[in-house]
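Peer 1: Dropping a structure here in structure tokens format, bear with me for questions.
Just so it is clear, none of the values below were taken in a lab; they were calculated from the coordinates. Just so you know, these numbers come straight off a predicted model, no measurement behind them. Counting neighbours? That spans all protein chains shown, and the Cβs are built from the backbone with ideal geometry, glycine included.
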Amino acid sequence: MTLTKPQDAKSLTYPKKTIERATRALRCSPFQMPLFATMRQQSVNMGTISSTTGVNLQYTRRPLSELAAENALTWLISVGVLRREVDGQGLTDSFRLTPLGHQIIEQWQAQGQVVPPPTWRDRIYNALSRWLRIF
């Protein structure tokens, strides 16, 4: 399965394993579709993702500490779904989707506006990949 961005003449294609790893990481993350939908349009600040603010904005199902949110976001950066925003001073605490992330979220939104729930197999593979950093 190769995902491409239809409206872009210079579409990126990704290997099947890259797409599988990225979708598995997204499904296993503590984040919900409203966060990713917002990230398609603009960068999102860590303060709006963590704590009860994230729950109120439907970015997460339960409050996350900044450390837990940072760890989950860092993993999504590692698999190529997110990137950290950069300003004139350097890195910020804001995050945005990469082209791979855009493609996956666009496909999911076209199918129903929710992040598909992970299977037990997804959870195990994702946990092992995070722990061992095996891709």
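Peer 1: Based solely on its DSSP helices, what 222 nm [θ] is calculated for the chain when runs of n ≥ 4 H residues each add -39,500 (n - 2.57) and the sum is averaged over all residues, nearest 500 deg cm²/dmol?
Peer 2: Working: 7 runs with 71 residues, N = 135.
When only DSSP H runs of four or more count, the value is -15500 deg cm²/dmol.
Peer 1: Now for a separate question. Short version: ³J(HN,Hα) in whole Hz for each residue of segment 48-64, in order, from phi by Karplus 6.51 cos²θ - 1.76 cosθ + 1.60 (θ = phi - 60°), x for Gly and Pro, what are they?
Peer 2: 8, 8, 8, 6, 6, 4, x, 5, 4, 8, 6, 7, 9, 7, 9, x, 10
Peer 1: Something else about it: Output the peptides 21-32, 118-129, 40-51 sorted from most to least packed, where packing is the average of other Cβ atoms within 10 Å over each peptide's residues.
Peer 2: 21-32, 40-51, 118-129
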